[in-house]
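Okay, structure first, notes after.
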Amino acid sequence: MSAHAIVEIRHLSCVLGGRTVLRDISLRVEEGETVVLLGRSGSGKTTLLKAVNGLTTPSAGEVWFEGRPAAQWDPIQLRRRMGYVIQDAGLFPHWTVAANVGLVPRLENWPPDRVAARVESLLEAVGLAPGEFRERYPRQLSGGQKQRVGIARALAADPPLLLLDEPFAALDPITRFELQRQFLHLRRTVRKTALFVTHDVREALMMASRVALLRDGALDLILTPEEFLAASTAEAKAFLASLEENWRQDERPPRI
Amino acid sequence: MNGRLASEIVSLSLEHLTLVAITLGIAMAAAIPGAVLLARRAAARRWVLGFANIAQTIPSLALFGFLLPLPWIGGIGKRTAVIALCLYALLPILRNTLTGILGVDAGVRESAVAMGMTRRQILWQVELPLAVPSIVAGLRIATVTTIGTATIAAFIGAGGLGVFIVRGIAMMDKPQILAGAVPAAAMALLADEALEWIERKLSPA
């Protein structure tokens, strides 16, 4: 395995409001891989994601980004090198699609024509015709279209790392599947490193280079999707059982 | 006689408008930055809103009376009137600006931070633009209130359309009272309509 870690989390613990949300987590994300943080609600996966870009402050341990401790980064610069996508996209409602997508390049003082060209190519890349969508406002978009814009916005300044917090959780199953496939395709073409939070084991297995399973704020295990299918911890089995249950409801034989 | 009344209505209306404009200018200059500061300080917010709420409940005639004997801010004239009117205009603008800023969707704010916007950029590019419709709504309430309350300011010699009303009451002259009340009411209605229109224009459809 190439030893070039984009993110390295070292013995990270986090106490929020007297509650221990993360316990002694260590995790490396290598260049080009997608590590999926899988866990139930309250398992600490979102907190862990937010510790990476400094939205939450760990109480112990540290995060390294591109070979430097996060504490040595200017938090603003650090965040501009990490694309961020959340569940309901968090688009700025008073800005057009183009203004939303072009945000970080503008903050980084790109010349306007370069921003415009970048917005065009990103909208194409996420499957939105620029001519049709550039001037729309977020309220004029469907849930899936908003998420596409959110992903384009996160990619805009070509950050080395993408952070995604249940980006497809609020979508209908068909749109979700479409976006998952598109994201996989996009990842292959732009070769992005990503940390991806989900509670959906099926999505985790589909998107992940490696699955990091969180349980009560601790790292239960971290395995490739193939290995995960044979994992034996109680929490992994609980997630795999939910997968079987899904297939049974679909009246298809379990594949595991 | 009619010509003189008409010209007096015009000049007192202008005086009234000036009083209102100065009041709103000062109130906005204090309340909007105040709200920006209070938006991040929950404890201070409770105290300030509590104080502004109490100020709002003091009957205006009594407030003018209280202010009159005070050194420096008191005395007969426009200054005292403007100070009292500001106290009433502050609360709606302050409260609505706060509502607007605090009402910004949590996901939008989180994205702004996570995208690497500075606090100042978030304030100017995200929070304040999104709060504008709410701020205008507060300004509308403050404007209508101030136009009405300013008529009472004539009792402490501040001038404006209240002069007709004070004089009309003293002389038991109904037309005089109406000469003050009708233009003031018209002014309030017009301002209300105009600001409602602006508010609608600025709100996302």
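Just so you know, all these numbers are worked out from the coordinates, no wet-lab data involved. All values derive from a computational prediction rather than experimental measurement. As a convention, Cβ positions derive from the backbone with ideal geometry for all residues, glycine included, and neighbour counts pool all protein chains shown.
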Return the average number of partner chain Cβ atoms within 10 angstrom of each residue Cβ along peptide A:84-97.
5
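Treating the beta-carbon of each Lys and Arg as +1 and of each Asp and Glu as -1, no other charges, what is the dipole magnitude of the protein assembly as shown about its Cα centre, to the nearest 20 debye? Provide the component values of the computation, followed by the final result.
Values: 49 positive and 41 negative charges, 172 e Å.
Value, rounded to 20: 820 debye.
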Hey, can you grab everything whose amide H is under 5 Å from the amide H of A:T34? Only 5+ residues off in sequence or another chain; H modelled, so Pro and N-termini drop out.
A:A194, A:S209, A:R210
Mean Cβ count within 10 Å, highest first, over the residues of peptides A:179-186, A:32-39
A:32-39, A:179-186
Roughly how big is chain B's charge dipole about its Cα centre, with Cβ charges of +1 (Lys, Arg) and -1 (Asp, Glu), in debye to the nearest 20?
520 debye
Label point at B:N2 placed 7 Å out along Cα→Cβ; residues across region B:172-198 whose backbone nitrogen lies under 13 Å:
none
Applied in sequence order to region A:169-181, the curve 6.51 cos²θ - 1.76 cosθ + 1.60 (Karplus, θ = phi - 60°) yields integer Hz couplings, x standing for Gly and Pro, of 5, 8, 8, 5, x, 6, 4, 4, 4, 4, 5, 4, 5
Out of B:L63, B:S111, B:H16, whose Cα points farthest toward the positive end of the dipole of region B:2-202 (charges: +1 Lys, Arg; -1 Asp, Glu; placed on Cβ)?
B:S111
Amide H neighbours of A:D220 under 5 Å, at least 5 residues apart or on other chains, H built in the peptide plane: list them.
A:L213, A:L214, A:R215
Each residue of region B:157-165 in turn: what ³J(HN,Hα) in whole Hz from Karplus with 6.51, -1.76, 1.60 and θ = phi - 60°, glycine and Pro shown as x?
x, 8, x, x, 5, x, 4, 4, 5
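Summarise the partner chain shielding of A:74-82 as one whole number: the mean count of Cβ atoms from other chains within 10 Å of each residue's Cβ.
Numbers: counts 1, 3, 7, 1, 1, 5, 4, 1, 3.
That works out to 3 on average.
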Sequence gap at least 6, Cα distance under 8 Å: using those rules, report the relative contact order of chain A to the nearest whole percent.
26 percent
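Highest first, please rank the peptides A:143-149, A:15-21 by the mean number of other Cβ atoms sitting within 10 Å of their residues.
On the way: A:143-149: 22.3, A:15-21: 11.7.
Taking the mean over residues of other Cβ atoms within 10 Å, the ranking is A:143-149, A:15-21.
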State, as an integer percentage, the relative contact order of region B:2-202 based on alpha-carbon contacts under 8 Å between residues 6 or more apart.
26 percent
Over the Cα atoms, compute the radius of gyration (one decimal) and Dmax (the largest Cα-Cα distance, rounded to a whole number) for region B:2-202, in Å.
19.5, 68
Tell me the angle of helix B:2-38 to the major Cα principal axis of chain B, expressed in degrees between 0 and 90 and rounded to the nearest ten.
20 degrees
In whole Hz, with x marking every Gly and Pro, tabulate ³J(HN,Hα) for region A:206-214 from phi via Karplus 6.51 cos²θ - 1.76 cosθ + 1.60, θ = phi - 60°.
6, 8, 7, 7, 9, 9, 9, 8, 9
Across the protein assembly as shown, how many lysine pairs separated by 8 or more positions, or lying on different chains, have Cα atoms within less than 23 Å?
5
Is there a simple number for the mean count of other chain Cβ atoms within 10 Å of the Cβ of residues in B:105-113, and what is it?
6
Under-5 Å amide H pairs with A:V197, H placed in peptide plane, nonlocal only
A:L37, A:L164, A:D165, A:E166
May I ask which residue of B:I93, B:V182, B:F164 lies farthest towards the positive end of the charge dipole of region B:2-202, with charges of +1 (Lys, Arg) and -1 (Asp, Glu) on Cβ and the Cα centre as origin?
B:I93
By how many degrees, between 0 and 90 and to the nearest 10, does the Cα long axis of helix B:174-202 differ from the longest principal axis of chain B?
20 degrees
